[in-house]
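The values are calculated or read from the model by the stated rules, or taken from the named source; none is laboratory data. Bear in mind that the values here come from a model prediction, so they are computed numbers and not experimental data. In this analysis, Cβ positions are derived from the backbone assuming ideal geometry, glycine residues included, and neighbour counts consider all displayed protein chains.
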Amino acid sequence: MNAIELRNLTKTYPQFTVDNVSLDIKQGYITGLIGPNGVGKSTLIKMMLGMIRPDSGSVNILGCDMPKQEVDIKQRIGIVSDDCFYYEHLSIRDTKKMIAPFYKKWNEKKFSSYLEQFELSPKKKIEELSKGMKVKFSLAVALSHEAELLIMDEPTSGLDPVFRRELLDLLADMMQDERNSIIFSTHITTDLDRIADYIAFINRGKLVFSEAKDEVLERFAIVKGDSQLLDSDIRTKFVGIRETAVGFEGLVDNRQEAERLFGNYAILDKPSLEDIMYFTAKGGRIHA
Amino acid sequence: MLNLLRKDFIALKSSLGLIIIYLAVFSIAFIPKQSSSIHLVGIYTAFASLSLVTMIDIKNHNHNFLVTLPISRKHIVQAKYITAIIFTLFGVLASYGIHSLVKVAVPELNKPDLTVMDILGPIGIVLALASIYLPLFYTLNKKGTGIINAVFFIIILALAQPTAIFMNMINENGFSSNLTLFLILIGILLFFIASCYLTIKLFTRKDL
């Protein structure tokens, strides 16, 4: 079953378009939504949340139609974003008083224990919190109403490495319940290397791929070799290629074909998600 | 819906004193000098309070916060219209209360006898203003709302004299004998309801 089903989502802005994106986010898994800045990840997430109305296409979350069943959906999801829109002049305690009554399954004990774990004082005002602390607070809110689906938009971008690790552990804990799902949008792909099960890659408003992370890392390969190996036909086999005076380094999306083509004349490495993102985003030839 | 009203008052918690200050400042400014001070104090306090709550919302990106909660945009708008009614009643009734006290405590100010129109008139005016203001608040962006707040403030200042004349005219003509005034109040109420529906439509379509 899918936690989120996007069908043919399109949203056009004067200088940017999310173009006909169809995507399934599997229930019970962590899906990483990756892509460079400004390619449509946040727009896509905002369309999932009903903050932006798509020009066409449909959004289905946990079996419910968005926006028709928006209220039911939002009872069951938690949202963590690097843009925390809380009332700055209020304390954590007052903000909790404001938010908690909206949720049917609010768990006060859980909330208090998360505040303790994250070392957040209820007396502290939102404006006094650092970006990382705000993310911790929104995570405490999201985890305290028994959310089945966490939608996280760049949650780790303002966090120190220690809390980033803690956060990833928390998410792994949440996934102990196999009904729970997480979609995690980020351009810091090392976080996803650790925890993601699936990867959806968005570039220039289009979905490049959505696959199991292990399959992606198996399918793609980084090829390194001497420039003499390249000709115009070979260059077309690369998703992206970076050429220097002494050689080249490029990404191919078919490892087996690359092995056949280059044999022992080039080195084939396993790419990281960052490599895949970099070469796909840059495309064509890059001269260094 | 109740949770949304609760939210507005929690957000206002540290600014509630400001509303009392508005009331005090407008009372001191208008009561000794203006014959229609009862209307002006009520209208100014009510609208300034509504502006205060919307400015707090805008400053804190309230719409973006609210749409993450399990509530519909329709209820978000309806709750703000109810908040407008609450502030209207507060401003107008507080002004009525202060003027009743002033009439007894400071008779030399020669304040006119208070009638039911001294309550209904300002309520009608504030609701009419809110009916224009709230659709703009929900449609415009942060910068636009800041401009609208400033524009409305100027409009309200400019409306002081016409309001005084209008309210005097109503008091002179009497309420129960004049069907037109009754129809105007009904018209304002319908305008307020229509404005609410329009705002729901606009806000539901708005991208945040």
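Does at least one position in segment B:198-205 carry a residue that is among the polar types (S, T, N, Q) and at pLDDT 75 or above? Yes, that holds for at least one residue. Helices (runs of 4 or more DSSP H) fully within segment B:1-116 that include at least 3 residues being polar (S, T, N, Q): B:37-59, B:73-105.
Across segment A:85-101, what is the number of residues that are facing chain B (nearest Cβ under 8 Å) and either crowded, with 20+ Cβ neighbours inside 10 Å or closer than 22 Å to B:Lys142 by Cα (or both)?
Step one: filter segment A:85-101 for residues facing chain B (nearest Cβ under 8 Å), giving A:85-90, A:94, A:97-99, A:101.
From what's left, either crowded, with 20+ Cβ neighbours inside 10 Å or closer than 22 Å to B:Lys142 by Cα (or both): A:85-90, A:94, A:98-99.
Qualifying residue count, segment A:85-101: 9.
A search for C-beta distances below 7 Å between a residue of segment A:27-47 that is in the same structural domain as A:Asn180 (by TED's automatic domain parsing) and any residue that is of a type in the set (A, V, I, L, M, F, W, C) and assigned to a loop (DSSP other than H, G, I, E, B), counting only pairs 6+ apart in sequence or on different chains, returns A:Gln27/A:Met1; A:Ile30/A:Met175; A:Ile30/A:Ala196; A:Thr31/A:Ala196; A:Gly32/A:Ala196; A:Thr43/A:Ile52; A:Lys46/A:Ile52. Checked against the criteria, A:Ser56 does not count as at the interface with another protein chain (Cβ under 10 Å from one of its Cβ atoms), touching a residue at least 40 places away in the same chain (Cβ under 8 Å) and of a type in the set (Ser, Thr, Tyr). Here A:Gln15 clears all of (1) touching a residue at least 24 places away in the same chain (Cβ under 8 Å); (2) under 28 Å from A:Ile276 (Cβ atoms) except the condition numbered (1).
Of the residues in segment A:178-193, at least one is touching a helix residue (DSSP H, G or I) at 6+ places or on another chain (Cβ under 7 Å) and over 29 Å from A:Gly250 (Cα atoms). For residues that are farther than 20 Å from B:Pro162 by Cβ and either within 11 Å of the chain's Cα centre (by Cα) or of a type outside the set (Gly, Ala, Ser) (or both), tally how many sit in segment B:91-142. Within segment B:91-142, residues that are farther than 20 Å from B:Pro162 by Cβ and either within 11 Å of the chain's Cα centre (by Cα) or of a type outside the set (Gly, Ala, Ser) (or both) number 26.
Of the helices (runs of 4 or more DSSP H) lying entirely inside segment A:138-231, those containing at least 3 residues that are closer than 25 Å to A:Arg7 by Cα are A:213-219. Exactly one residue among A:Thr43, A:Thr12 is among the hydroxyl-bearing types (Ser, Thr, Tyr) and either more than 13 Å from chain B (Cβ to nearest Cβ) or closer than 28 Å to A:Arg194 by Cβ (or both), and that residue is A:Thr43.
All conditions in (1) among the polar types (S, T, N, Q); (2) crowded, with 22+ Cβ neighbours inside 10 Å; (3) more than 16 Å from the chain's Cα centre (by Cα) hold for B:Ser72, with the sole exception of (2).
Checked against the criterion of being within 9 Å of chain B (Cβ to nearest Cβ), under 30 Å from A:Asn107 (Cβ atoms), surrounded by fewer than 21 Cβ atoms within 10 Å (Cβ to Cβ) and charged (D, E, K, R), the candidates A:Asp65, A:Asp72, A:Asp82 yield just one match: A:Asp72.
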